[in-house]
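Taking it in order: structure first as structure tokens, then the write-up.
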Amino acid sequence: MAGLFISFEGIDGSGKSTQAKLCFDALVQKSIPSLLTREPGGEVIAEKIREILLYSQDEVLPQTEVLLYAAARSQHVRKVIEPALAEDKIVICDRFVHSSIAYQGYGLGVDQESIWQINRFAMGNIFPDIVFLFDLSVDAAQQRSQERAQSRESLVNSEKSKRDRIEARSFEFYQKVRNGFLEMAKDPRVKILDATKTPEAIHDEVISIVCQVYQGGRNQ
Ligand SMILES: Nc1ncnc2c1ncn2[C@@H]1O[C@H](COP(=O)(O)OP(=O)(O)O)[C@@H](O)[C@H]1O
Ligand SMILES: [Mg+2]
């Protein structure tokens, strides 16, 4: 089989990056060839697009936002993700296409079918085998994000220690994004995890699902 592609999804502060790193470290520990990457970014041009998306002082229109995320994704998929999967690696990606549907579709109200269409072009043949959805209330997620920002600020007093363009959006926006993610969990590839649990308990569930799917693929 050709690798395994796993995306980590959820609203800001839900614990995606924490779990993506824990999962990657556990796989490396088991000597399973793996790659940890993130969106927007994960590739030189895609990281430049990330700068515009997250830190632009000028207005980025919703439609433009959709296209920029998709452009970054196209670079990332073809130059990084696809080659790693061809080498049989497990690819762990911190955010992927479901974030585009949740944030720009459900959150900003851009037509969802158009976003899917643009992203089908951007992704080519690549789609996640497993999508972990870390579900947390907007209140709890914002609380965690705030604490994370404060601890970052005490380390580096830079512009990027503060909230980015997307993180600065309203409570109502995030409510729509969370509900959108839950709506997409009707797809059996999307696994909802209760993000209120401890990082260790969530990690155990993640690894158990990854190993199950990975072993299943190996035995085919
Ligand atoms: N299960 C958890 N319980 C409590 N706090 C958590 C948990 N997972 C992560 N955190 C903390 O919450 C903050 C946000 O986590 P992070 O992984 O950066 O979220 P995301 O990448 O989804 O924005 C961090 O300060 C992190 O240490
Ligand atoms: Mg993160």
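Worth a mention:
- Local charge for G109 was computed over the other residues whose Cβ lies under 15 Å away, with Lys and Arg +1 and Asp and Glu -1, and equals -3.
- Which of F96, F8, F24 has the fewest Cβ neighbours within 10 Å, and the rest in rising order: F24, F96, F8
- Estimated vicinal HN-Hα couplings, Hz - the stretch 14-27 in sequence order (Karplus 6.51, -1.76, 1.60; Gly, Pro = x): 7, x, 4, 5, 4, 6, 4, 5, 4, 5, 4, 4, 5, 5
- With the gyration tensor restricted to C-alpha atoms of the chain, the semi-axes of the equivalent ellipsoid amount to 26, 21, 18 Å, longest first.
- Exposure proxy ranking, count of Cβ atoms within 10 Å, fewest first, for H203, H98, H76: H203, H98, H76
- Packing order of peptides 122-131, 165-174, highest average first: 122-131, 165-174 (average count of other Cβ atoms within 10 Å over each peptide's residues).
- Mean sequence separation of contacting Cα pairs (under 8 Å, at least six apart), scaled by the length of the chain, corresponds to a relative contact order of 32 percent.
- For the stretch 97-109, putting each phi into the Karplus relation 6.51 cos²θ - 1.76 cosθ + 1.60 with θ = phi - 60° gives couplings of 4, 4, 5, 5, 5, 5, 7, 7, x, 5, x, 9, x Hz, in residue order, rounded to whole numbers and with x for Gly and Pro.
- For K191, the amide hydrogen comes within under 5 Å of the amide hydrogens of V131, F132, L133, counting only partners 5 or more places away or on other chains and with H modelled in the peptide plane.
- With a cut-off of 12 Å between beta carbons, the residues surrounding G3 carry a summed charge of -2, where Lys and Arg count +1 and Asp and Glu -1.
- Residue-wise HN-Hα coupling along the stretch 202-215, computed from phi with Karplus coefficients 6.51, -1.76, 1.60 (Hz; x: Gly, Pro): 5, 4, 4, 5, 4, 5, 4, 5, 4, 5, 4, 5, 5, 5
- Residue order, fewest to most surrounding Cβ atoms within 10 angstrom, among C93, C23: C23, C93
- Under 24 Å from the Cα of K89 - lysines, other chains or at least 8 residues apart: K16, K21, K30, K79, K191
Only the coordinates and a few stated rules stand behind these numbers; no lab work does. Quick caveat, the model's predicted, so the values are computed rather than measured. No Cβ is skipped: glycine too gets one built from the backbone with ideal geometry, and neighbour counts run over all protein chains shown.
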